[in-house]
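FYI, it's all coordinate maths here, none of it is from the lab. Keep in mind it's a predicted model, so treat the numbers as computed, not measured. Using ideal geometry, Cβ is built from the backbone for each residue, glycine included, and neighbour counts are taken over all protein chains shown.
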Amino acid sequence: MLKKVAILANGGDVSGFNAVIRAIVKTAENHNIECYGYIDGYNGLLKNDYVLLSTAGNGDAKGILAKGGSIIGSSTNSNVFNYKIKNEDGTIEYKDLSDVCIQNIKEAGFDCIFTLGGDGTQKSARDFATKGVNVIGVPKTIDNDVACTEITFGYNTAVSVAMEAIDRLHTTGETHHRIMVLEVMGRYAGWIALESAIAGGADVALIPEIPYDINKVATKIENRKKRGKEFSIVVVAEGAKPINGDITIMGKRDNGAGVDNTKLGGVGQVVAKQLEELTGLEARNTTLGYMQRGGSPTAFDRVLSTKYGVKAMQLALEGKFGTLAVIKNGKLDYALLEDVVGNNKQIGAVSGNTEESNIRKVTMDNDLIITARNIGINLGD
């Protein structure tokens with residue numbers, strides 16, 4: 001019998017966090033279950049920092065459906081199974097503090113923890129499940145790369161923002177006869193770049209799954225020019241890389257061990273410079289950055305997030321712990337966290353693009369790839 005549950009939001013912020021929180025809280029209230037929120041993701045779990053969430057009166061979870069971000073915060077540097085500790089003498093070491101978190105959960109009397117997050121968040125959720133904690137995940141990431149589900153919340157809003165940016169770049173590109181490059185997020189999967197390129201009428205989409213030949217991109221643009229089209233729109237995922245090359249890295253973030261610390265960015269500028277040299281046309285790059293994460297969620301994401309929150313609470317009521325709420329064949333379902341992490345089974349292991357990870361990437365037989373090719377979008381190959 002569930003009496004108390006808690007929610008934590010982890011990883012980069014997305015539009016839809018609050019809609020999920022609201023749905024979990026409202027469903028819990030309808031079953032006379034108290035719902036709490038850990039502040040700042042797994043960091044809050046470690047620090048035992050949580051608040052009561054309610055939709056009654058002036059409750060924190062009231063009126064948040066359209067609000068961007070997360071009312072309980074989030075964290076991008078908190079692998080509690082390999083947590084960064086700075087000692088008094090200035091030295092750094094990494095410790096497994098998961099047992100501290102488990103003790104906090106027991107003392108608080110929480111019957112289930114809902115983990116709202118992407119690959120890294122759900123990897124830690126699986127690790128907690130292995131240690132006996134009742135956990136249920138909800139797939140969040142604008143990159144849309146969480147395994148075992150067809151779509152993550154936050155993705156549709158990010159695509160919509162990217163599409164609007166492409167629409168605006170069209171006018172400048174056409175007016176000044178320029179190549180307009182738009183760099184969007186997508187570390188290891190090109191969903192945002194591909195779908196926004198189709199929605200925005202772009203001419204080129206470069207994604208991590210297809211190493212690109214810049215000369216073929218230039219040929220596409222030159223052929224457009226020969227047909228009287230003196231501007232082109234190029235969408236580039238931040239994780240796109242050239243044939244026989246590597247991803248463009250801005251640097252490393254010191255987020256601790258067991259976290260993907262690679263800071264991507266800059267490929268759009270590289271592509272713009274190369275295309276200007278190859279075609280003779282002026283090229284300008286716009287990096288959309290955090291604009292994709294912020295703001296109010298689309299109607300689609302509000303509904304999807306609400307559906308995910310309700311499903312997660314239903315799974316808890318049914319005692320189906322150690323799972324992730326997912327969409328399969330267009331319908332709500334669930335998957336085992338063991339399947340979500342794939343072969344990345346080691347407790348505290350690094351999340352992200354490793355051979356063991358189970359990240360959902362764009363496959364060459366995907367409808368988006370087929371559609372893009374058939375309407376003439378160059379994919380760099």
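A few comments on the model shown:
- By the count of neighbouring beta-carbon atoms within 10 Å, fewest first, 347, 370, 179, 166 end up ordered 370, 347, 166, 179.
- Inter-centroid distance (Cα atoms) of the stretch 139-176 relative to the stretch 58-130, Å: 27
- For the stretch 303-346, the square roots of the Cα gyration tensor eigenvalues, ordered a ≥ b ≥ c, give a/c of at least 1.5 with a/b no greater than b/c, which places it in the oblate category.
- Rounded to whole Hz, the Karplus (6.51, -1.76, 1.60) HN-Hα couplings of the stretch 213-222, x for glycine and proline: 9, 4, 5, 6, 5, 4, 4, 4, 5, 5
- Converting phi to 3J(HN,Hα) with the Karplus coefficients 6.51, -1.76 and 1.60 and the offset θ = phi - 60°, the stretch 322-336 yields x, 10, 10, 5, 9, 10, 10, 6, x, 10, 5, 7, 9, 10, 6 Hz in sequence order, with x at every glycine or proline.
- Anisotropy class of the stretch 1-72 from Cα gyration tensor, a/c 1.5 cut: oblate
- Residue 212 long-range amide H proximity, modeled H, under 5 Å: 241, 243
- Gain on full extension, evaluated as 0.36 nm per residue between residue 332 and residue 199 minus their Cα-Cα distance, stands at 45.3 nm.
- Options 91, 304, 104, ranked by Cα towards positive dipole end of the chain, top entry (Cβ charges): 304
- For the pair residue 296 and residue 108 in one chain, pulling the backbone fully straight at 0.36 nm per residue adds 64.4 nm over the alpha carbon distance.
- Calculated translational diffusion coefficient of the stretch 35-192 (37 °C, 0.692 mPa s; Stokes-Einstein with Kirkwood radius over alpha-carbon pairs) equals 178 µm²/s.
- When Rg and the Kirkwood radius Rh are both evaluated on Cα atoms of the chain, their ratio Rg/Rh stands at 1.01.
- The simple spin-label model puts a point 7 Å past each Cα toward its Cβ; for residue 317 and residue 150 those points are separated by 2.4 nm.
- 10 Å-binned pair-distance histogram of the stretch 195-242 (Cα, whole percent): 26, 52, 21, 1
- Max mean-square fluctuation residue, GNM over the chain, Cα-Cα springs under 10 Å, options 343, 43, 77: 343
- Note on the stretch 155-215: Kirkwood radius taken over Cα pairs, Stokes-Einstein applied at 25 °C and 0.890 mPa s, translational D equal to 204 µm² s⁻¹.
- Kirkwood hydrodynamic radius computed over the stretch 109-197 comes to 15.1 Å, based on all pairs of distinct alpha carbons.
- Positive-end residue of 315, 211, 245, charge dipole of the stretch 203-353 with Cβ unit charges: 315
- Counting other Cβ atoms within 10 Å as a rough exposure proxy, the listed residues 15, 98, 54, 296 run 296, 54, 98, 15 from fewest neighbours to most.
- The stretch 281-290 - phi-based ³J(HN,Hα) in whole Hz, Karplus 6.51/-1.76/1.60, Gly and Pro as x: 8, 5, 10, 10, 10, 10, 9, 6, x, 6
- For the stretch 96-186, the set of trypsin sites (Lys or Arg not before Pro) satisfying both a DSSP loop assignment and a count of at most 16 other C-beta atoms within 10 Å is given as 131.
- Using 0.36 nm per residue and subtracting the Cα-Cα separation, the extra length available between residue 363 and residue 175 on full extension is 64.1 nm.
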